[in-house]
Amino acid sequence: KKKRLYFLSKERLESGREVENKTEEEVSIIKVSSLTCIDLDNSDLHQSAVLLKQACLDSGFFYVINHGISEELKDEAFEHSKKFFALPLEEKMKVLRNEKYRGYAPFHDSLLDPENQVRGDYKEGFTIGFEGSKDGPHWDKPFHIPNIWPNPDVLPGWRETMEKYYQEALRVCKSIAKIMALALDLDVDYFNTPEMLGNPIADMVLFHYEGKSDPSKGIYACGAHSDFGMMSLLATDGVMGLQICKDKDVKPQKWEYIPSIKGAYIVNLGDLLERWSNGYFKSTLHRVLGNGQDRYSIPFFLKPSHDCIIECLPTCQSENNLPKYPAIKCSTYISQRYKAVHAHLKQT
Ligand code: OGA
Ligand code: NI
């Protein structure tokens, strides 16, 4: 088998020119995608909504800039993340994920694409979720259990940084939700109510990827999947690896790299929003290929509150376009999806 290697030059990256890639088993075109950029500082929300709508119909992926999260805070979160993963395995295992997946997830813990992967993802992670207030009505909900934290003597200031970053990521998601509501012809605050996003099921995950992926052998840093929730806000350390497939039914599948842009976040829609919008907005297939370098990322996965009923949005249905999916409680839907990703663990 002939192997040809191509380097993605800066010019090619910027022009988004197609790069031929005839390595491994598939003959496919590797392309660097250029995504719409939404300026969250733009006071004309309706203008942003037009852009966002197009992005959601086209690829379900876009960038946000002027989000108000300082580079310092983001860098600090990445530094702390690296320190955690550099700890001896024994120390990391002290905060092993609990039954709601909070805490440390070792390599190969999740398997996102069982059809194509021979093993779980080549990544380790650490999950921090939503806690709610102790005396609030949501304290005992299954997805609102307390977080677990590494020993502060081992990693001083770690928890404080992560909690701060978590709050900031949630704030940004809520401001994107306003533009999203307008893009769906809903009231600007449609999603920003106590019932919907007031006590969200929201996870921030620190990831550390390792190794070189080889699709021909079924080895992926992160297998092909679409996210479960409403939207995901992603920061990476800039190491290339994330790819999207805009049309999963076209064979052979065409994968495009999504480069990270300094100061910008990558946002993508999840299956729950696709379902909520009656299939109108797209939740796009994506994956991560490792290039041999270590890679760190911090996605923030937003889902609505536990009891929020996900049923076809009023503006996404008509006489000729009836709801395609039955109503489902958010927590029920999310539980099902989590279980599927970890199903392989029970067999080993
Ligand atoms: C995910 C994901 C991308 C990345 O965890 O769902 O798509 O770059 N992550 O880590
Ligand atoms: Ni994802």
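Only the coordinates and a few stated rules stand behind these numbers; no lab work does. What you are looking at is a predicted structure, and each value in this text was computed from that prediction instead of being measured. Cβ placement follows ideal geometry from the backbone for every residue including glycine, while neighbour counts extend to all protein chains displayed.
Points worth noting:
- Computed lengthening from GLN336 to ASP113, 0.36 nm per intervening residue step minus Cα-Cα distance: 78.7 nm
- Take every Cα pair under 8 Å whose residues are at least 6 apart in sequence, average their separation, divide by the length of the chain, and the relative contact order is 20 percent.
- Summarising the label geometry, the points placed 7 Å from Cα in the beta-carbon direction at ILE148 and ALA327 lie 3.7 nm from one another.
- Theoretical ellipticity at 222 nm over the chain - DSSP helices of four or more residues, -39500 (n - 2.57) apiece, nearest 500: -7500 deg cm²/dmol
- Put in line by how crowded their Cβ is, counting other Cβ atoms within 10 Å and starting with the fewest, VAL154, VAL267, VAL188 read VAL154, VAL188, VAL267.
- Cβ-derived FRET efficiency at R0 35 Å, ASP58 paired with GLU79, nearest 0.05: 0.50
- Applying the criteria of a DSSP loop state and at most 12 other Cβ atoms within 10 Å to the GluC sites (Glu not before Pro) of region 235-338 yields GLU319.
- Extension gain, LYS94 back to CYS37 (0.36 nm per residue minus Cα-Cα distance, nm): 16.5 nm
- One chain, two ends: GLN293 and ASP185. Fully extended at 0.36 nm per residue, the span grows by 34.5 nm beyond their Cα-Cα distance.
- Remark: region 193-201, residue by residue, has Karplus-estimated 3J(HN,Hα) of 10, x, 5, 8, 10, x, 10, x, 8 Hz, where x stands for each Gly or Pro and the curve is 6.51 cos²θ - 1.76 cosθ + 1.60 at θ = phi - 60°.
- Evaluating 6.51 cos²θ - 1.76 cosθ + 1.60 at θ = phi - 60° for every residue in region 45-51, the Karplus couplings come out as 5, 5, 5, 4, 5, 5, 5 Hz, glycine and proline recorded as x.
- The loop-placed trypsin sites (Lys or Arg not before Pro) in region 129-203, going by DSSP, that have at most 14 neighbouring Cβ atoms within 10 Å of their Cβ come out as LYS134.
- Radius 15 Å from Cβ of ASP58, net charge of other residues (Lys, Arg +1; Asp, Glu -1): +3
- For region 99-116, backbone phi angles converted through the Karplus equation (6.51, -1.76, 1.60; θ = phi - 60°) give residue-by-residue couplings of 5, 9, 6, 7, x, 8, 10, x, 3, 6, 6, 10, 10, 8, 9, x, 5, 10 Hz, Gly and Pro being listed as x.
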